[in-house]
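Taking it in order: structure first as structure tokens, then the write-up.
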Amino acid sequence: ASFFLLCFRTSLIRPLIFGLLLQPPVAQLSVITRPNIVLLMADDLGIGDVGCYGNDTIRTPNIDRLAKEGVKLTQHIAAAPLCTPSRAAFLTGRYPLRSGMDAVNNYRVIFWNGGSGGLPPNETTFARILQQQGYSTGLIGKWHQGVNCESRNDHCHHPLKHGFDYFYGMPFTLISDCQPTEAPEMDRPFRRKLWFSTQMIGLAILTAALGRLTGLISVSWKMLTCLAGFSLLFFICWFSSYGFVRYWNCIMMRNHEVTEQPMVTDRTTSSILRESISFIERNKHKPFLLFLSFLHSHTPLITTEKFLGRSSHGLYGDNVEEMDWMVGQVLDVIDKEGLKNTTLVYFASDHGGWLERQEGQRQLGGWNGIYRGGKAMGGWEGGIRVPGIFRWPGVLPAGKVINEPTSLMDIYPTVVNLAGGVLPQDRVIDGRDLMPLLRGMVEHSEHEFLFHYCGIHLHAARWHQKDSGAIWKAHYVTPIFHPLGAGACYDRGICPCFGEGVTHHDPPLLFDLSQDPSEAKPLSADTEPLFDTVIKKIGRAIEEHRSTLTPVPEQLSMYNVVWKPWLQPCCGTFPFCWCDKEGDN
């Protein structure tokens, strides 16, 4: 009996020991748990503005610390070169034209809180999936994905309708109009035309009235009265929107409530930081997702007095250094709460720096390092190559640099899989899970091709030829720089996607980014033996990609973009919209 008992015990212990031997290391075990996720996104920050990406004059010790303690991506690519479409792609893991969030016209972003366009309710953000997985989800800072559809309070595009439990910040984006001391920025050329047209109409009516009084012109007073009424109506129609941009667009919200209208810019930075820290502290006992969407470093570069004059790059540098300090404060609270080893932290920018943004001799936009072009340019690297840093101690290696092509869209499947969620099966997801690449389990990115749009217009595409290491990039359309050779569209203030301001290339311009990351020397059939092969390969990939696109409503159509009074968020009785509930508290 004792022999059989011994055999029985041995049969139980042996598989137990064998199972323990087969257990993965601790670092691998931690991956299958649900980490906290903190996503830090800068606004208009150039890749050349950060110390760990080569800047030695703007001090970014906290962002640099993230890179030192984690993984730095050197080919991290935005899906669009402007805020609204890039962030739509980030939130959904899909090229923005799949959700209708890329433009068919020159209005390439959400222009008004009172517009009707925005991230469609049928899009599934990573926040919604994480919310379903039991995460507390919060968005602090910039949204810029729309607010309402049909009525002032339907909030169909609002963050809380897209999977966030908590929202504090700007439903729009920071613009110079938000700062009373700054020159207006929003739609400046169009606004000048409206002022000029109003003055011309007024002058014409005044001239006709004087002619009537002196008998030089035979026109009835009834006609003049009608013209004057038309002139007044024309003025009211456009001035009711553009004359009050600060009240309509520069607002702060907490969840569904407008708390500041207009926003008090002097305390915006401290409020956003306080809310971010508070969210972490409130949710430290269960998995949470915090998307801290900075207002830095977008004009008007709101910077607290503590940081003014500290940088050798003027106000822009001061603003970047303040943002870096905010990153440090968030990292400190993660450390203080004992969450460092259970929190994945990610830092990126939504697109490249704005080269043309200047006031007199002041450069108010970012620097994109060695890369050509900048914000709004869908093809050139400077508009779409951004910082990308991940840190998760004990899981991701420290100090690692990855030179593979990756995308902001990759965050979607990465965080969904980490949270134990399932990717939507009823739509194309263009992002790829980055964890195998970040942890060194695979050598190459899953992206063989990436497509670079300017609005709905395909400007370029890249092919990562993994067997040779070459990264081929073909440009089909490029903006015309002015002055010639300047590297940006200084005459327009922003480069266009189509029309007279672009050049179409047939055959396309071809570069090997692995040898020429600055895109300075286009290849040809004479200088590159593989030229025709590469162009044909990329062409076939574009055809396959286009076959996956389906028609969707255009969220940035002219109708959706224009201001609609009945959709304007208001903390009072419209049009008497002003409040400071934060100050009251």
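See the values below:
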{"read-out": "Alpha-carbon spread of the chain, three principal axes, descending order, Å", "value": "129, 69, 49"}
{"read-out": "Antiparallel bridges, percent of DSSP beta bridges restricted to the chain (to nearest 5)", "value": "55"}
{"read-out": "Probe 1.4 Å, all protein chains present, accessible-area order of L423, L224, L232, L216, largest first", "value": "L216, L232, L423, L224"}
{"read-out": "Computed over region 188-242: relative contact order in percent, which uses C-alpha pairs under 8 Å that are six or more apart", "value": "40"}
{"read-out": "Largest-first ordering by accessible area, 1.4 Å probe, given options V502, V428", "value": "V428, V502"}
{"read-out": "Proximal lysines relative to K336, as straight alpha-carbon distance under 22 Å, when same-chain residues fewer than 8 apart are discounted", "value": "K68, K284, K286"}
{"read-out": "Kyte-Doolittle at least 1.0, axis length at least 30 Å by Cα - qualifying DSSP helices, the chain", "value": "221-242"}
{"read-out": "The chain - percent relative contact order, Cα under 8 Å, separation 6 or more", "value": "26"}
{"read-out": "Accessible area in square angstrom per residue, region 188-242, 1.4 angstrom probe", "value": "71"}
{"read-out": "Equivalent ellipsoid dimensions for region 284-425 as semi-axes, Å, which come from the Cα gyration tensor, largest first", "value": "30, 21, 13"}
{"read-out": "Rounded D (µm²/s) - region 188-242, Kirkwood Rh over Cα pairs, Stokes-Einstein at 37 °C, 0.692 mPa s", "value": "273"}
{"read-out": "Partner lysines for K564 [C-alpha distance under 27 Å; skip if fewer than 8 residues away on the same chain]", "value": "K142, K161, K193, K581"}
{"read-out": "Fraction of accessible area attributable to carbon and sulfur, region 363-428 (%, probe 1.4 Å)", "value": "56"}
{"read-out": "Zero-based 10 Å bins, Cα pair distances in region 180-332, whole percents", "value": "9, 24, 23, 16, 12, 9, 5, 2, 0"}
{"read-out": "Qualifying lysines (Cα of each under 28 Å from Cα of K536; at least 8 residues distant if same chain)", "value": "K466, K473, K521"}
{"read-out": "Heavy-atom accessible surface of region 188-242: percent carbon and sulfur, 1.4 Å", "value": "76"}
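The values are calculated or read from the model by the stated rules, or taken from the named source; none is laboratory data. Model, not experiment: these values are computed from the prediction. In case anyone asks, the SASA skips ligands and DNA or RNA and just uses the protein heavy atoms, side chains included. Shrake-Rupley method; radii C 1.70, N 1.55, O 1.52, S 1.80 Å.
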